[in-house]
Amino acid sequence: MNTFSRHRIRPQLTSVSVWTLAVLVACLGAYALWEYLLPRAPHVANALAGGLLAAGATALGTVPVMFSQTLSDKVQDTMFGFGAGVMLAACAFSLVAPGLEAAGQLGHGPWGSGFIVGGAILLGAAVLLTMDRLLPHEHFIKGKEGIEVHRLRRTWLFVFAIALHNLPEGLAIGVGYVGNDPVQGSALATGIAIQDVPEGLVVALALLSAGYSRAFSVALGMLSGLVEPLGAVVGALVVGWSAELLPWGLGFAAGAMLFVISHEIIPESHRKGHEVFATGGLMIGFVLMMLLDTALG
């Protein structure tokens, strides 16, 4: 190996070592928090574990970017579609249906339950729409959106975009553990984690193609997953505070996810002309999540 190659590889290995150490420290801290919460608030501890599973899956998806730079647009769009399908099935089987059931158990009739969950879905979508309008962020293909984008570097625009995308997933995981038994909550967290693997890869590749360094793209892709355990804990704490909030929380999480699917993922997956592959990925993702939910539930 020549001198140039050694100098080129050494910084990458150093970056990998630093981020590996950071991940290990984060894992130890998360384990300590989980151990503290388990006897005091088991539903919050389970939500934290589910959120960390999704964050770990996101981080796992970014690893190939350290060794490979290219991924065809067709494959990326198929992955986007797959993620959309998983999230759609999660909305239907893990959030909306349990939300209607929870409203019914609180004494509401079919119409009352429908209005409660439907209103919560619209509220969740409205909150995400407001965040989308107020927070400056950058789509991977469409470019910059939001107010005062000229005052922010592109890096932070990507950070806001990733946070907007991952927050509803974390909320859904947290609310799912309150609204379902632990097995069904785990099915939801597992389904979201499965779609987070290709999502982490696509995010890191998008950052790399936008001009960021390989190490930074991988690091930011890994860090993007940390929004999910945070959202999971918040969702579990808020909804677990009162049974009356459960159908509202389930509907809110579903509405937020539906907004992200329709406003972000599907348009991104169709923009480059690979609609058939994106739709095929969506169908496969939907069926996989449906099987996970029904088989484990």
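By how many nm would the segment from Arg133 to Leu291 grow when fully extended, if each residue of separation counts as 0.36 nm and the alpha-carbon distance is taken off? It would help to have the intermediate numbers written out before the result.
Working: separation 158, 0.36 × 158 = 56.88 nm, distance 3.56 nm.
Between Arg133 and Leu291, full extension yields an extra 53.3 nm.
Between Val183 and Ser242, how high is the FRET efficiency from 1/(1 + (r/R0)^6) when r is the Cβ-Cβ distance and R₀ = 22 Å? Nearest 0.05.
Efficiency at R0 = 22 Å is approximately 0.40.
Between Phe115 and Cys27, what is 0.36 nm times their sequence separation minus the Cα-Cα distance? Round to one decimal in nm.
Details: separation 88, 0.36 × 88 = 31.68 nm, distance 4.11 nm.
Between Phe115 and Cys27, full extension yields an extra 27.6 nm.
Under a crude label model (7 Å from the Cα following the beta-carbon direction), how far is Lys74 from Ser213 in nanometres?
Each label point lies 7 Å from its Cα, and together they span 3.5 nm.
Hull surface divided by four, with the convex hull built on the Cα atoms of segment 241-288: how many nm²?
Numbers: hull surface 16.9 nm².
Over all viewing directions, segment 241-288 projects a mean Cα-hull area of 4.2 nm².
If you project the alpha carbons of segment 168-248 onto the principal axes, what extent comes out on each, in Å, largest first?
Computed over segment 168-248, the largest-to-smallest principal extents equal 48, 20, 16 Å.
Determine, from the Cβ-Cβ distance of Ala126 and Glu35 and an R0 of 51 Å, the FRET efficiency 1/(1 + (r/R0)^6), rounded to the nearest 0.05. Display every interim value, and only then the final one.
On the way: r = 38 Å, r/R0 = 0.74.
E between Ala126 and Glu35, to the nearest 0.05, is 0.85.
Quick note: the coordinates plus some simple rules give every number you see, no bench work behind them. Everything quoted here is computed from the prediction, not taken from an experiment. Backbone-built Cβ (ideal geometry, glycine too); neighbour counts: all protein chains shown.
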